[in-house]
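I have placed the structure first, in the form of structure tokens, so that the comments after it can refer back to it.
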Amino acid sequence: MKTRPSLTLTPDDPEQSHHLRSLVAKAVLHQKAEQRVLQSLPDDLSKAVRFVSYRDGELVLQTDSATRASQLRFRQREIMADLRQEEVFEFVWKLKVKVRPGRYSLKKPPSPMTLSKENARLLKEEAGHTKDKALREVLEKLASHASDRSG
């Protein structure tokens, strides 16, 4: 049985290439910055906001709804004031909020409609009274789709 190789990514691992080490170091730095930014946000917003970037004094955040984006913009002064206490974010002067809606809908797919036995009986009865042969066949075929549950 094959064993899975252990893969540890740390910025100071001499076994890794220089490019990979610098990439991991940037990812660790980004993660720390994101944690600090999320700490400065109100609790109700921090769960739905993602830190995107911080460059040249411009902080970019992302959220999934326009409502939350408006709330972030409304509170941007207090968020930036809190972040300026950290040396890394000392010169933050602009907060940009991007809206990116979620990819998947939480709506449950509609369940297929079922035909009760009572409605099937009514359709068969109506088919018996119908003179049009094509309509009668359609009504009888529809009545044959009745569910086993009584309704």
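Some observations on this one:
- Taking the chain and dividing mean pair separation by its residue count, relative contact order in percent (alpha carbons under 8 Å, at least six apart): 16 percent
- Estimated vicinal HN-Hα couplings, Hz - segment 58-64 in sequence order (Karplus 6.51, -1.76, 1.60; Gly, Pro = x): 9, 9, 10, 10, 10, 9, 9
- For the chain, a Gaussian network of Cα nodes joined below 10 Å ranks 135, 41, 95 by mean-square fluctuation, and the top entry is 135.
- Choice from 134, 66, 27 with maximal GNM fluctuation in the chain (Cα, 10 Å cutoff): 134
- Sites matching GluC sites (Glu not before Pro) across segment 51-113 that sit in DSSP coil, with at most 16 neighbouring C-beta atoms within 10 Å: 86, 87, 90
- Listed values (1) 64, 46, 38; (2) 85, 56, 26; (3) 58, 31, 20, entry calculated as Cα extents along the principal axes in Å: (2)
- GNM result for the chain, Cα springs below 10 Å: residue of 39, 16, 62 fluctuating most strongly: 16
- Cross-link partners for residue 141 among the lysines, with Cα-Cα distance under 27 Å and sequence neighbours closer than 8 places in the same chain left out: 117, 124, 131, 133.
- Its DSSP H runs of at least 4 residues, each contributing -39,500 (n - 2.57), put the calculated 222 nm mean residue ellipticity of the chain at -14000 deg cm²/dmol, to the nearest 500.
- Table column - 3J(HN,Hα) (Hz), segment 76-84, Karplus curve with 6.51, -1.76, 1.60, x for Gly and Pro: 4, 5, 6, 5, 5, 5, 5, 5, 5
Readers should treat all values here as calculations from the given coordinates under stated rules, not as data from a laboratory. Fair warning: this is a prediction, and the values are worked out from it, not measured in the lab. Using ideal geometry, Cβ is built from the backbone for each residue, glycine included, and neighbour counts are taken over all protein chains shown.
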